[in-house]
Amino acid sequence: MEDVLTANPEVATTTAANRYFNRELSWLSFNQRVLSEACNPNYPLLERLRYLSISGSNLDEFMMVRVAGLAGQVQRQIEEVSIDGMTAAQQLSAIREAVIELESAQQDVWRTLREELAQEGIVLADGKRLTPLQTRWLRDYFVKHIVPVITPQAIDPAHPFPFVANQGMGILFPLIRTSDGAHVMEMVLIPQALPRFIRLPGEEATYISIEDLLCRKAALLFPGFRVQGHGVFRILRDSDLEVEEDAEDLVRYFRTAIQRRRRGSVILLQLQDDIEPAVEQLLREQLRLDRAMVLKTRGVVGISGLSALVEEDRPDLKFEPYSPRYPERIREHDGDCFAAIREKDIIIHHPYESFEVVVDFLRQAASDPDVIAIKQTLYRAGKQSAVIAALIAAAEAGKAVTAVVELKARFDEEQNLHWASQLERAGIQVIYGFVDWKTHAKVSMVVRREDGGYRTYCHFGTGNYHPVTARTYTDLSFFTADPRAGRDAGRLFNFVTGYVEPQRTELLTMSPIGLRETLYEYIEAEAENARKGKPAAIWAKLNSLTDPGLIDRLYAASADGVQISLVVRGICCLRPGVPGLSDNITVKSIIGRFLEHSRIWAFACGGLLPNARAKVFISSADGMTRNLDRRVELLVPIRNRTVHDQVLDQVMVANLIDTEQSWLLGSDGSYRRVGKAENPFNLHRYFMTNPSLSGRGAALTSGHKVPKLALRRGAA
């Protein structure tokens, strides 16, 4: 793929588009950057294949949620336009072109990777001749392991067209009965319990896809028939859940809604490029494709399924395993998290430092006889959650435990219902929060009996309490025993559990009450400094930036002379570098081994960034309208000097000076890789090899210093 990725030019045809990029096309551009990592020659081969599969699963979710939502707007004749002035129908038209281009690029990348994998002894046998030994083994495997699981079904008036589940794959076989020459259409739906790829025996890793196996062995399935052809297809359905404001019982509502999602309207029909015309016509008629996109594929149907091949045991074709460090600060206190936090604030930088410290914080709270209460938010916790186990252990030990479980966490609703049930059975008070707002803040609060009174210990995170994503997402975990933070955390829980809106907060800022206004105030303060001729700068690191109000404030600050450097991994609707609008704004996106997920804001406060006076915050919120107005989020100030330096002088500076994983956003919507630098810098490699500041404890004074990062003015 090329090193410059350009958004669809249609975004520049309206007045609003002169100020903003289209949200959906910006996301597709992000997924193109993910796909580009599959072409990165510096990555091991199976890791490149992983990026290809990720780009496929990303596109699936985009279709099931974003495209489905736009199609619903068209169907309901909703006239709302996007931030850049496009109607839903116009967006769908532009998206269709971009999706076709992206899917074609995915197949091109797959053809290249397939050849390179074959050179390394990993072969996909689809469409290729097999050895006699392989053929015999495959026949035996098919009869013993596949035939008992699948159910061929004739399609005729006596056998109506079957329901095809979301992300379901099937094959239609046109047949001729040998006894009378009658034409018959048969369908085989591929159960998701079957492996997508089967590994044949032998030293060489030879795989065959389940769909190719079924097509090869169709004669065994249909004795007495001649197979005239086949057509492989896959569908995606509308998977967005809309919560009704008058829902009387959220748990019952979501159990029903999850079932409805599995039967949502078809939003994408993907077909093999050489599919039989009769098969295609039947699918179009039976699947009711009024709102659906039909995509013909010259390659793998359902490219996300290639993730199965990444599991091949070839460590030489994967990243060298990385073991996160456990913070020395905690070890210096013999593993006593509370003693370390009580001494001073500490921040943990995941995945470079272990998520186990977060789990240990809760485990210690569960077993500590002086801990009397634990309050915890849960947005995504994963399938095997040590956090859930620690909360249950705490309840069984007699602690008062409250868990705010967010049922509206997209695609984790069913898992969260399961955890809520487990927690309730353990005697934990489970709260589901607001009907129309998601509780997205990441907070853990432990109340401990100390010195004749109570002390509250808090954990605030930029990421979820999810042990799997914590190994690949870069996030920040902030621990503090500041009484103000504890009181504010208590106010947040009372707000969510009892709708008691806090009249004031002492340290934290939360949305939807005041987070937007706080950001506006700090942006305006920088603008005022610029108008007075003082140094003025804003640094921010976000996953997405789409809110027009926030973008307009940044535009205004830029016009006043504020130097604004943004690191936005995914969607960015802000146009940087436009004369008279955003001259002083630069935007970069970082895509690499780890997924950048932490949210950080820094305001210069009258000096050049970085400086000790700067106001620094971490947050659970992105720069999106939903985060600022329709979610419970937190903005957490960083005041401890060491932690302040780690977040600002280390994390933010490293993001700004990275050259090896960075893409620069142009005013025309194109993303350009940062070229080869005289002094190349890879922020992921840097943090994998250099311990953090606040987690090092006494090691900071031992002479083994963390290399100081320097920001070249004008380079960001």
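The numbers here are math on the coordinates, done by the rules we state, and not lab data. Values in this document were obtained by computation on a predicted structure and should not be read as measured data. Note that we place each Cβ from the backbone using ideal geometry, even for glycine, and neighbour counts take in every protein chain shown.
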| Once Lys and Arg get +1 and Asp and Glu get -1 on their Cβ, which of Y379, G533, V496 lies farthest toward the positive end of the dipole of the chain? | G533
| said: Using a 10 Å cut-off around each Cβ, can you sort M185, M688 from fewest to most neighbouring Cβ atoms? | reply: M688, M185
| note | Read-out Rg and Dmax of the Cα atoms in Å, candidates (1) 32.6, 114; (2) 55.3, 181; (3) 27.3, 93; calculated match is (3)
| request: Whole number please: convex hull volume per residue, Cα atoms of the stretch 264-336, in Å³. | output: 199
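With a cut-off of 8 Å between alpha carbons and a minimum separation of six or more residues, what is the relative contact order of the chain in percent? All intermediate terms of the calculation are to be shown ahead of the outcome.
Numbers: 1356 pairs, mean separation 84.5, N = 716.
Computed value for the chain: 12 percent relative contact order.
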| note | Within the stretch 303-376, DSSP-loop GluC sites (Glu not before Pro) with at most 13 other C-beta atoms within 10 Å are E311
| field | Stretch gain in nm, segment R471-T151, where the contour uses 0.36 nm per residue and the Cα spacing is subtracted | value | 111.2 nm
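Sort the stretch 54-109 into rounded, prolate or oblate with this rule: let a ≥ b ≥ c be the square roots of the eigenvalues of the Cα gyration tensor; rounded if a/c is under 1.5, and if a/c is not under 1.5, prolate when a/b is larger than b/c, oblate otherwise. Kindly include the intermediate steps, with their values, before the conclusion.
Values: a/c = 2.84, a/b = 1.99, b/c = 1.43.
Cα axes put the stretch 54-109 in the prolate bin.
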| field | Taking the stretch 107-221 and dividing mean pair separation by its residue count, relative contact order in percent (alpha carbons under 8 Å, at least six apart) | value | 31
| remark: Links exceeding 20 Å between C-alpha atoms in this model, out of K534/K588; K383/K408; K375/K442; K532/K588; K344/K375; K541/K676, come to K534/K588; K532/K588; K344/K375; K541/K676
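Taking R0 as 25 Å, what FRET efficiency do you get between I78 and Q107 from their Cβ-Cβ distance, rounded to the nearest 0.05? Let's see the in-between values first.
Details: r = 34 Å, r/R0 = 1.36.
Efficiency at R0 = 25 Å is approximately 0.15.
What translational diffusion coefficient, to the nearest whole µm²/s, does the stretch 4-119 have by Stokes-Einstein, given a Kirkwood radius computed over alpha-carbon pairs, a temperature of 25 °C and 0.890 mPa s viscosity?
Answer, rounded: 160 µm²/s.
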| task | Run down the aspartates and glutamates and flag those whose C-alpha is under 14 Å from the C-alpha of K438, throwing out any fewer than 8 positions away in its chain. | result | E242, E244, E245, E406, D412, E413, D622, D629, E633
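May I ask what percent, to the nearest 5, of DSSP beta bridges between residues of the chain are antiparallel? Please list the in-between numbers first.
Working: 74 of 108 bridges.
Antiparallel bridges: around 70 percent, rounded to the nearest 5.
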| field | Loop GluC sites (Glu not before Pro), the stretch 51-147, which have at most 11 other Cβ atoms in a 10 Å radius of their Cβ (DSSP) | value | E79, E80
| query | Amide H neighbours of Q272 under 5 Å, counting only residues 5+ apart in sequence or on other chains, H built in-plane at 1.01 Å? | reply | V232, T297
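Please arrange Y379, Y326 by how many other C-beta atoms lie within 10 Å of their C-beta, fewest to most.
Details: Y379 23, Y326 16.
Lowest to highest Cβ neighbour count: Y326, Y379.
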| field | From phi via Karplus (6.51, -1.76, 1.60), per-residue ³J(HN,Hα) for the stretch 47-52 in Hz, x at Gly/Pro | value | 6, 5, 5, 4, 4, 4
| query | aspartates and glutamates within cross-link reach of K128: Cα-Cα under 12 Å, excluding same-chain residues under 8 positions apart? | reply | D212
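Specify whether the C-alpha gyration tensor of the stretch 311-419 places it in the rounded, prolate or oblate class, a ≥ b ≥ c being the square roots of the eigenvalues: rounded for a/c under 1.5, otherwise prolate if a/b is larger than b/c and oblate if not. Walk me through the intermediate numbers first.
Numbers: a/c = 2.28, a/b = 1.13, b/c = 2.01.
Judged from the Cα gyration tensor, the stretch 311-419 comes out oblate (a/c at least 1.5, b/c at or above a/b).
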| message | Angle check, please: helix 413-425 long axis (alpha carbons) against the longest principal axis of the chain (alpha carbons), in degrees 0 to 90, nearest 10. | response | 60
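Rounded if a/c is under 1.5, else prolate if a/b beats b/c, else oblate: with a ≥ b ≥ c from the C-alpha gyration tensor eigenvalues square-rooted, which is the stretch 510-701?
rounded
Please sort by residue number the trypsin sites (Lys or Arg not before Pro) in the stretch 26-106 whose DSSP state is loop and whose Cβ has at most 10 other Cβ atoms within 10 Å.
On the way: sites: R33, R48, R50, R66, R76, R96; in loops: R76.
Of the trypsin sites (Lys or Arg not before Pro), the ones in loops of the stretch 26-106 whose Cβ has at most 10 other Cβ atoms within 10 Å are R76.
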| request: Starting with the fewest neighbours, write out D273, D368 ranked by other beta-carbon atoms found within 10 Å of each beta-carbon. | output: D273, D368
